[in-house]
Each structure stands twice: as structure tokens, then as C-alpha cells.
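For reference, the structure discussed in these notes is given below.
The values are calculated or read from the model by the stated rules, or taken from the named source; none is laboratory data. As the structure is a prediction and not an experimental result, all values here were calculated from the model. Note that each Cβ is placed from the backbone with ideal geometry, even for glycine, and that neighbours are counted across all protein chains shown.
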Amino acid sequence: MTRAVCPGSYDPVTLGHLDVIGRAAAQVEELVVAVGTNVSKRAWFTPDERVDMLTEACAEWRGVSIALFSGLLVDFCQEQHASMVVKGLRNGADVDYEIAMAQMNRRLSGVDTLYLATAPEWSFVSSSLVREVAGLGGDVTPFLTPAVAERVRQRAQQRSST
Ligand code: PNS
């Protein structure tokens with residue numbers, strides 16, 4: 001059975017993420033979307049909130065499950081009996097960042113990483129930019145599901161009033 005892990009911070013999940021998740025799910029029997037912590041980023045949403053948003057957004061896809069992980073991605077892949085990691089690549093900056101992680105993960109455990117090129121309409125979309133634009137009052141609804149957009153709107157409002 002082909003079981004892959006699609007890891008990310010998903011803070012919050014965007015339509016770009018969902019494009020990659022849906023296409024990755026079509027290539028494998030089971031896809032575990034793994035919500036992790038990127039130590040270099042300050043999150044807007046708790047890990048549980050991010051899992052909730054992904055669970056709702058991926059509800060229609062068979063073979064897709066959502067999980068939280070902490071610690072090393074390669075340890076999580078081993079626990080899950082996943083033979084590979086799948087990620088999206090948007091641009092050259094992603095390539096530089098991702099290749100080093102893929103090489104490190106392969107050196108640590110032998111797990112390989114497969115990349116899908118992001119659909120061009122989402123290549124400029126990132127969770128970080130969504131948070132920045134939403135935090136400054138911009139409209140991020142084109143980049144999110146309606147349910148996630150509503151959560152982002154509420155969180156931006158809470159953050160501006162504290
Ligand atoms: O969406 P992001 O922020 O690019 O996701 C990054 C994430 C969480 C997938 C990455 O930081 C990660 O794999 N963290 C787990 C810790 C780990 O294994 N670090 C070594 C990577 S070589």
C-alpha cells in the first residue's frame with residue numbers, strides 16, 4: 001500500500017495547499033496530512049485549530065487523514081509506516097529551502113520526498129502572506145475556503161483588539 005505524508009504548518013490551510021493535497025491524494029492509496037510546527041514561524045492558529053480547518057476542508061477526499069505531529073518529520077513517517085513525503089513547490093525560493101530538508105530527511109532515515117509543482121494560480125499564495133494581508137485588513141477570501149476565510153477574519157479581528 002502506498003502511504004505518504006504531506007507535512008506543513010497549515011497556518012492556515014490555503015487553496016494552494018488543498019490543490020497539492022488533492023493531487024497528491026490521487027497518486028497514493030493513503031495520504032496523511034501532517035500538521036507540524038515550524039520553529040521559525042509565529043503561528044496565528046493552535047495546532048488543534050489547524051487540524052480542524054484541514055479536517056473540514058478535506059472531508060470529501062477518500063484516503064486522506066489529518067494528524068498532528070511534533071518532533072522530527074522522519075520519526076512521524078516511520079510511526080505512520082509512510083514510504084514517502086509529498087510537498088508542493090511554488091518557486092525557486094521553495095526549491096532552495098525544500099531541497100535541503102529533503103536531503104536531510106533522506107540522510108536521517110532514507111525517506112524520499114516527492115514534489116508537485118503548485119498550480120500557477122496559487123504560486124504566489126502562502127499562509128504567511130495570507131496572515132500578513134488579513135492582519136492589515138486586506139481581502140484574503142480568494143485564497144481560502146469560505147470556512148477558513150471566516151476563521152481568519154475572526155482571528156485578525158481578535159488580534160487587532162488585543
Ligand atoms: O509549511 P511549512 O512551514 O513549510 O512546514 C514546515 C514543516 C513543519 C513541514 C517542517 O518545519 C518540519 O518538517 N518540521 C518538523 C521538524 C523536522 O523534522 N525538522 C527537520 C527538517 S529537515
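Counting the residues of segment 45-65 that are in contact (Cβ under 8 Å) with a residue 12 or more places away in the chain, of a type in the set (A, V, I, L, M, F, W, C) and surrounded by fewer than 17 Cβ atoms within 10 Å (Cβ to Cβ) gives 1. Could you check segment 9-54 and list, in sequence order, the residues that are more than 11 Å from the chain's Cα centre (by Cα) and of a type in the set (Phe, Trp, Tyr)? Those that are more than 11 Å from the chain's Cα centre (by Cα) and of a type in the set (Phe, Trp, Tyr): TRP44, PHE45. Identification of helices (runs of 4 or more DSSP H) wholly contained in segment 1-110 with 2 or more residues that are more than 13 Å from the ligand (Cβ to nearest atom) and touching a Phe, Trp or Tyr at 6+ places or on another chain (Cβ under 7 Å) yields 15-25. Filtered by the rule that a residue be aliphatic (A, V, I, L, M), farther than 17 Å from SER128 by Cα and at pLDDT below 95, segment 1-53 gives a lone residue, MET1. GLY92 passes every criterion in (1) over 13 Å from the mean Cα position of the chain (by Cα); (2) at pLDDT 95 or above apart from (2). Exactly one residue out of VAL152, VAL130 is within 14 Å of the ligand (Cβ to nearest atom), part of a helix (DSSP H, G or I), modelled with pLDDT of 95 or more and over 29 Å from ARG3 (Cβ atoms), and it is VAL130. Across segment 44-95, what is the total count of residues that are under 18 Å from VAL125 (Cβ atoms) and among the polar types (S, T, N, Q)? The total comes to 1.
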